Amino acid sequence: MMLLTDDPDFIAVQEATRYARASELALPSVLGWGTGLYPITKVGYCDLGAGTRQGYISGYSPFSSTEYLSCRAGTQIYVSATGSDSSGAGTIGSPYLTVNKAIQIANAAGQPATIWLSAGTYYRNASGGYINAPGATTLPTVPVCLMAYGGIVKYGCIDNYTWAADATYTNTYKITRSSAGAVYNQALRDRFGNAVMYTKAASAAACNARPGSWYTDGTSVYVNPFDGAAVTDATASVYLTSDTFAINWGSAPQHFFVDSNDEASAWDLMGSRVKIFASAYGASPKILAMRRVSARYASSVSADAWNGFGFDNWWGLIWLEGCYAGRASADCFNFHNTLNAQPLYAVTLNCRGVDTGVFGSGSNNGLTLHENVIGIDVAGRYEYNQGGTLRNINTSKMLAHGSTFSSDRGDLYLSGGLVPPTEVGTLNTAQIWLSECVVNPSGPTAYGINVGTGGAVSVRNMPTLGGRIFGNVSTWF
């Protein structure tokens, strides 16, 4: 169909193009991005209205890289929550039950592989549960892509149960479970779209007296529902204190992708943490990329202080696209590089991190970079965190373009920490460049930017920059 100049579709396209061009930005050379390895030429975003922005990156994507395409063309293995490791063949019609089995087959084939996971809930006790290597899952020794298809792949450190009304505490329902960290009602959602957490009671009697509470005596878990209705796994998900998705590569990291076959498919990783790390660098830089992955309810008790997404000691690229972290006990997105000898390049594109610091630990950030990490954040949205929304440390460097940092609560007043409400902050010699970002503190006395001694923040074209500004803050063009 021919579009006329007053056609609304034509106007919408022109507006999107105009905003995209207006927001495009070349990487500042002082950032030190590894363009020889990952040749990003520019970053930009389209303003979709109502505070929503869609970011993009030009010049490079790991999802069109040779490494990714090798996985897509390699060994093809299928997994389903209703499959079988004993009788399955790893085909779409006869899938395996666990990722562990699929990785064993991929390793034996000795070439890059794509492991397809069909939509469904992968309970730990019923279908291989969480991905934890080495541990519950074999460590991949070849490049691997885990691919969700057919809808949402739900993984969690959760089992499925048959709940029964308790004869003694008649307002509660009970299961036999020796350990538990937190209980969430998946049928009720808060303003961020996360499940509502039950309050932990001090005793079974106290649980019986308070709707919306739970208790464990080390043998049984008791739940007093919010509405008096019979409890099911849908209304009481009991999260354990095991890792949902954790891979320790040791000294042999591989290229690793977690992706979705289409925009209707995604990953929902629930409970505990997503942590990928190595004890030593590999012989060459590696790519670790995740797309449309959410990590919710990271950690179950305050002593864990676990992040939604946590990465450490990765030489090469970590790329998160369209990822979400919510209700973590520590940070939403955390990047460390404690080996420090080689750079870790980190991209967070169209990511969101909200409502961290659930159990009152200190310095719970929406996004944080540490030792020798060079980061790019485009059109991110980080809100209602506790202890500094963007808080970078050590020698890290970062560019944020078109991102929003809003409504940090600090940890000073809520958990006795050291950080007042702060949207953007640095420690040590960390440097941040902010371009067209929204910095919107919770109040006029909160910090919009708080730069520690030795650090620096540079700003350009900031539509909103509120709150107190402290330290070495300059403008750049």
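For SER251, the accessible area of its heavy atoms, probed at 1.4 Å with every protein chain present, is near 80 square angstrom. In the list [x] 58, 55, 52; [y] 69, 56, 56; [z] 71, 55, 47, the label attached to Cα extents along the principal axes in Å as derived from the coordinates here is [y]. Between PHE63 and THR338, the simple spin-label model (points 7 angstrom out along Cα→Cβ) gives 3.2 nm. FRET efficiency for the pair SER87 and THR141, taken as 1/(1 + (r/R0)^6) with r the Cβ-Cβ distance and R0 = 25 Å, rounds to 0.45. For LEU139, LEU31, the ranking by accessible surface with the largest value first comes to LEU139, LEU31, using a 1.4 Å probe.
Residues in the chain average 38 Å² of solvent-accessible surface per residue, probe 1.4 Å, ligands and nucleic acids excluded.
Compared with the direct C-alpha span, the chain from THR199 to THR35 gains 54.2 nm at full extension, assuming 0.36 nm per residue.
With R₀ set to 22 Å, the beta-carbon distance separating THR52 from GLU24 gives a calculated FRET efficiency near 0.75. The lysines whose alpha-carbon is closer than 28 Å to the alpha-carbon of LYS397, local same-chain residues fewer than 8 away aside, are LYS42, LYS275, LYS286.
Run the reach check for LYS174 against lysines, Cα to Cα strictly under 27 Å, same-chain hits fewer than 8 apart removed. What comes back? Result set, ordered by chain and number: LYS154, LYS200.
Computed from the C-beta positions of SER284 and ALA126, the FRET efficiency with R₀ = 45 Å rounds to 0.70. On segment 410-454, 57 percent of the accessible area sits on carbon and sulfur atoms, based on a 1.4 Å probe. For segment 207-322, the share of accessible area belonging to carbon and sulfur comes to 47 percent (1.4 Å probe, ligands and nucleic acids excluded).
The values are calculated or read from the model by the stated rules, or taken from the named source; none is laboratory data. Keep in mind the model is a prediction, meaning the values are calculated, not measured. In this analysis, Cβ positions are derived from the backbone assuming ideal geometry, glycine residues included, and neighbour counts consider all displayed protein chains. Ligands, DNA and RNA are stripped out before the accessible areas are found, and what is left, the full protein with its side chains, is counted by its heavy atoms. Shrake-Rupley method; radii C 1.70, N 1.55, O 1.52, S 1.80 Å.
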